[in-house]
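Below: one structure, written as structure tokens.
The values are calculated or read from the model by the stated rules, or taken from the named source; none is laboratory data. Source: prediction; values computed, not measured. Positions of Cβ are backbone-derived with ideal geometry, glycine not excepted, and every protein chain shown enters the neighbour counts.
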Amino acid sequence: MYPRLNIDLDKFYKNTSFFVGMSKDNNVDLMSVTKCFCGDIILAEQQVEAGVKYLADSRIQNLIKMKDIGAPKVLIRIPMQSEVSSIIKYADISFNSELETIKKLNEEAKKQEKIHKILVMIDLGDLREGILPENVDETVKEIIKLSNIKIIGFGVNLTCYGGIIPSEDNLGKLVEISEELESKYNLNLEIISGGNSSSIYLFDSKKMPNKINNLRLGEAILLGRETAYGNNIEGTSDDVFVLEAEIVELKTKGSVPIGEIGMDAFGNKPSFKEQGFILRAILAVGQQDVNYDGLVPIDSKIEILGASSDHLLLNLENTNKDYKVGDTIKFKVDYGALLKLYTSEYIEKNYI
Ligand SMILES: *Cc1c(COP(=O)(O)O)cnc(C)c1O
């Protein structure tokens, strides 16, 4: 069935093992971030087999899917107060930055007779989640009064909203705050979590502070690239996931629409490059399933022209291959495209 996402399980396992190995060499435990593949249990199981220590996701629904897999589950998005009961039930650890929510988690943990572990997020400049450094002490002082909450670590998230790159400086600050509060409040920390796929470049340059003992990796494992500078990582595959879609129309037509140009299907005014008559293909996949600017045709002579909700338009004029209606065309995907493809129920997940 098409369109489908081909998932190469062998390459996926190898990519996971690669980063497990890299982390081990640097005394770091790995949280695999499973949100980009919606907590798909086939992939999550492979990752635990390959040596990932924790499974981490932003959505409780995905942690529930993975509940029977033998690794601690971590909720990495700041909890909603409306979901505390399932968090206590299904998340072994949650990342937090709001005292009021932590108090609600504590009440719920008492009800369920559990001790809930939390990691306190500190904002070191990226301006997404986290307590500001100057306010962490007063917050921790309140958290430790709660009977059923245990602080097991501190963490930071960078390069997500503000694009701030992890450095010896900001991660050093995380370590400094963590150690200071650990001794002041007798915390017994298990985790100092130094970020996501944008932090791994620090291993190469030997600039990762050695007290950082945890990273949370999604994109690096899935697409074989680090995200501080966008470099591919040697020894990993960038084509674990490949979109394959079918040609439903193939005709030579002009390259610029005829008539007055108004708006496209999404309310934008489109523009076109005049390249005369070209061989145009329509594939049965569209913006409902994927953002087309996140696709790279494996046949590099193919040009993507655009897409509407259910149609992807290609220029096949320059390819050497003799495509026919009913043939399929394959694409590598970026993070945004993969996220959307996984989420679309119209895309078959084809494990190979
Ligand atoms: C999504 C996310 C990650 C993983 O980011 P990648 O760039 O895919 O490695 C790590 N931590 C948090 C808090 C996240 O939300």
Which residues, taken from the stretch 249-279, are under 18 Å from T319 (Cα atoms) and of a type in the set (A, V, I, L, M)?
L250, I278, L279
Within the stretch 220-252, the count of residues that are within 14 Å of S17 (Cα to Cα) and among the hydrophobic types (A, V, I, L, M, F, W, C) comes to 6
Considering only the stretch 69-96, state which residues are in contact (Cβ under 8 Å) with a residue 12 or more places away in the chain, among the hydroxyl-bearing types (S, T, Y) and more than 15 Å from the ligand (Cβ to nearest atom).
S85, S86, Y90
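To keep it simple, each residue is scored yes or no on (1) within 16 Å of the ligand (Cβ to nearest atom); (2) assigned by TED's automatic domain parsing to the domain that holds I152; (3) under 17 Å from the mean Cα position of the chain (by Cα).
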residue: F19; (1), (2), (3): yes, yes, yes
residue: M22; (1), (2), (3): yes, yes, no
residue: T34; (1), (2), (3): yes, yes, yes
residue: A56; (1), (2), (3): yes, yes, yes
residue: E98; (1), (2), (3): yes, yes, no
residue: L105; (1), (2), (3): no, yes, no
residue: I115; (1), (2), (3): no, yes, no
residue: V120; (1), (2), (3): yes, yes, no
Subset tally (residues that are β-branched (V, I, T) and either assigned to a helix (DSSP H, G or I) or more than 21 Å from N214 (Cβ to Cβ) (or both)) for the stretch 26-43
2
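The rows are residues; the columns are (1) assigned by TED's automatic domain parsing to the domain that holds S23; (2) away from the ligand (no atom under 16 Å from the Cβ); (3) surrounded by 20 or more Cβ atoms within 10 Å (Cβ to Cβ); (4) over 30 Å from S58 (Cα atoms).
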residue: N210; (1), (2), (3), (4): yes, yes, no, no
residue: G218; (1), (2), (3), (4): yes, no, yes, no
residue: L283; (1), (2), (3), (4): no, yes, yes, yes
residue: K301; (1), (2), (3), (4): no, yes, no, yes
Unique match (being under 30 Å from V248 (Cα atoms) and at pLDDT 95 or above) among F18, F37, F12
F37
If G155 satisfies all but one of (1) of a type in the set (G, A, S); (2) without any contact (Cβ under 8 Å) to a residue 60 or more places away in the chain; (3) touching a strand residue (DSSP E or B) at 6+ places or on another chain (Cβ under 9 Å), what's the number of the condition it fails?
(2)
Suppose the filter is touching a Leu at 6+ places or on another chain (Cβ under 7 Å), buried (at least 23 other Cβ atoms within 10 Å of the Cβ), at pLDDT 95 or above and of a type in the set (A, V, I, L, M, F, W, C); does L222 pass it?
yes
Condition first: in contact with a Lys or Arg (Cβ under 7 Å, 6 or more places away or on another chain), in contact (Cβ under 8 Å) with a residue 40 or more places away in the chain and over 24 Å from S344 (Cβ atoms). Now tell me which residues in the stretch 260-315 satisfy that.
N315
Only residues that are part of a helix (DSSP H, G or I) and either surrounded by fewer than 18 Cβ atoms within 10 Å (Cβ to Cβ) or away from the ligand (no atom under 15 Å from the Cβ) (or both): list them for the stretch 182-204, please.
E182, S183, K184, Y185, F203, D204
